[in-house]
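Read through the structure below, which is laid out as structure tokens, and then see the notes.
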Amino acid sequence: MRSSIALSQKIGQVVASMAKPISIEVWNPAGKHRVVSTKSMPGTRWIRLLTDADCRLEICTEKKTILDVEDIQALIGDKCDGLIGQLTEDWGETLFSTLKRAGGTAFSNMAVGYNNVDVNAANKYGIAVGNTPGVLTETTAELAVALTVAAARRVVEADQFMRAGLYDGWLPHLFVGNLLKGQTVGIIGAGRIGSAYARMMVEGFKMNLIYYDLYQSTRLEKYVTAYGEFLMSQGEVPVTWKRASAVEDVLRDADVISLHPVLDKTTYHLINKDRLSIMKKEAILVNASRGPVIDEAALVDHLKANPMFRVGLDVFEDEPYMKPGLAEQKNAVVVPHIASASKWTREGMATLAALNVLGKVKGYPVWPDANRLEPFLDENSTPPAACPSIVNAKVLGLDISKL
């Protein structure tokens, strides 16, 4: 496999905009199909896949973290076959109509979620919407575990203490935290990521499990049962599991609660003042799903009133901003939406996003199972001639691959 792309294929240009120029990087200038990416993405495979398929790839190089609608309209221009975007962008009526007028047929989020996308607007203009599932599960679960351990053992506080030169000797009460072994971990949302996190906590720390989900997670239950039987065979106390009938049961019983629901009208502010009040005083709350699942202002008040309560957050209600007072709480561990930020995962996301757009531009069918995308991720083989994951494929009547 070619591991790099010749620099002679890349040139810098500027796209004229109504307000100001938008700087871009161009690969394969003579390519037949114009594909735009609103951000540079990790790895080079995604670039090679597009340019080898006769695509002219334009990558926005603006030093601006979040592009506004006008910026993206300028990037789309008069002709654009497909576009790769980011979850921070507002993809609605305006952008999809602009993309349609430019001849575009495909948009892909470089994310598994697409809360930033008005899929109905995309349907209206006949534009396929891609996402990137299947590569974030373990990576996101690992980050949730890291937040859990950091909060439980007060790692960030201790790190800051050391860096400030305040450590002058061991003390019995210095940064005493919570032991995880043998405690109860609670999961709200036992899908792929929630179940992966549960398995890591159960097997890694021998924690008991309580979970809430609209659907029974038989596979997770069997996993915990089998691990409990193994522990018994070794003369150890077995772990147990329980499926809760309500969210409140998880909040009352668990020592650690990790949130993994989808974000919709039913889960907006799922964790609010009332539900925070029924949690244990020394509980640990972790969120690596979507920020608005938690009423962040209520959380700040709860952290202030309960110094032994701890939280680990990867996402925020008004991202990229935090609610006033959150940054000052020592019992909060906060990181900037990095749950998917492992090299393998981010490069895989870039590859899937590129292949979603490429597949639609080339007229390929849609892959039949978005949960099994391994054939697209093998760097040593040619990916299937299919779009990995199109969320509105059924509405648009797109063909399904027989591969």
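The values are calculated or read from the model by the stated rules, or taken from the named source; none is laboratory data. Only a predicted model underlies this, so the values are computations on that prediction, with no experimental measurement involved. Cβ atoms come from the backbone with ideal geometry, glycine included; neighbour counts cover every protein chain shown. Remember, those area values only see protein heavy atoms, side chains included, never the ligands or the DNA or RNA. Shrake-Rupley method; radii C 1.70, N 1.55, O 1.52, S 1.80 Å.
Assorted remarks:
- Condition broken by M200, with the remaining ones in (1) within 28 Å of the chain's Cα centre (by Cα); (2) surrounded by fewer than 23 Cβ atoms within 10 Å (Cβ to Cβ); (3) in a loop (DSSP other than H, G, I, E, B); (4) not β-branched (V, I, T) satisfied: (3)
- Test: residue in region 311-328 that is of a type in the set (A, V, I, L, M), under 16 Å from the mean Cα position of the chain (by Cα) and part of a loop (DSSP other than H, G, I, E, B): yes
- Residues that are farther than 19 Å from N131 by Cα and either in contact with a Pro (Cβ under 8 Å, 6 or more places away or on another chain) or not in a strand (DSSP E or B) (or both) within region 45-65 comprise R48, T51, D52, A53, D54, R56, T61, E62, K63, K64, T65, listed in sequence order.
- Checking T148, T65, T132 one by one, the residue that is on the phi < 0 side of the Ramachandran plot and open to solvent by 30 Å² or more (accessible area, probe 1.4 Å) is T65 and no other.
- Any hit, region 155-178, residues being under 17 Å from K330 (Cα atoms), under 25 Å from the mean Cα position of the chain (by Cα) and in contact (Cβ under 8 Å) with a residue 60 or more places away in the chain: yes
- In region 23-44, the residues that are under 27 Å from D378 (Cβ atoms) and outside any strand (DSSP E or B) form Cβ pairs under 7 Å with partners that are open to solvent by 20 Å² or more (accessible area, probe 1.4 Å) and of a type in the set (D, E, K, R), at six or more places apart or across chains, as follows: N28/R56; G31/D54; G31/R56; K32/D54; P42/K343; P42/R346; P42/E347; G43/E347.
- With respect to the conditions (1) more than 17 Å from M349 (Cβ to Cβ); (2) under 24 Å from the mean Cα position of the chain (by Cα); (3) without any contact (Cβ under 8 Å) to a residue 40 or more places away in the chain, D52 falls short on a single one, namely (2).
- Residue among R372, R346 that is of a type in the set (K, R) and either in contact with a Phe, Trp or Tyr (Cβ under 7 Å, 6 or more places away or on another chain) or not in a helix (DSSP H, G or I) (or both): R372
- Of the residues making up region 185-197, those that are in a helix (DSSP H, G or I), open to solvent by less than 50 Å² (accessible area, probe 1.4 Å) and in contact (Cβ under 8 Å) with a residue 40 or more places away in the chain number 4.
- Positions within region 231-242 being under 16 Å from A198 (Cβ atoms) and open to solvent by 90 Å² or more (accessible area, probe 1.4 Å), in sequence order: W241, K242
- Residue in region 206-215 that is acidic (D, E), touching a strand residue (DSSP E or B) at 6+ places or on another chain (Cβ under 9 Å) and either over 20 Å from L263 (Cβ atoms) or touching a residue at least 24 places away in the same chain (Cβ under 8 Å) (or both) present: yes
- Residue that is more than 24 Å from D253 (Cβ to Cβ), basic (K, R) and in contact with a helix residue (DSSP H, G or I) (Cβ under 7 Å, 6 or more places away or on another chain), where the choices are K273, K323, K304: K323
- Filtered residue count, region 68-77, keeping only those that are open to solvent by less than 10 Å² (accessible area, probe 1.4 Å) and among the β-branched types (V, I, T): 2
- Among the criteria (1) under 22 Å from R275 (Cβ atoms); (2) of a type outside the set (F, W, Y); (3) open to solvent by less than 80 Å² (accessible area, probe 1.4 Å), the one G182 does not fulfil is (1).
- For S108: the one exception among (1) in a loop (DSSP other than H, G, I, E, B); (2) modelled with pLDDT of 95 or more: (1)
- Tally, over region 375-403, of residues that are over 22 Å from the mean Cα position of the chain (by Cα), within 18 Å of Y125 (Cα to Cα) and not in a loop (DSSP other than H, G, I, E, B): 3
- Filter result for the condition that a residue is on the phi < 0 side of the Ramachandran plot, in a loop (DSSP other than H, G, I, E, B) and not polar (S, T, N, Q), over L231, L209, L214, L276: L214
- Answer from D255, D295, D249 - the residue that is charged (D, E, K, R), open to solvent by less than 60 Å² (accessible area, probe 1.4 Å) and farther than 17 Å from V185 by Cβ: D295
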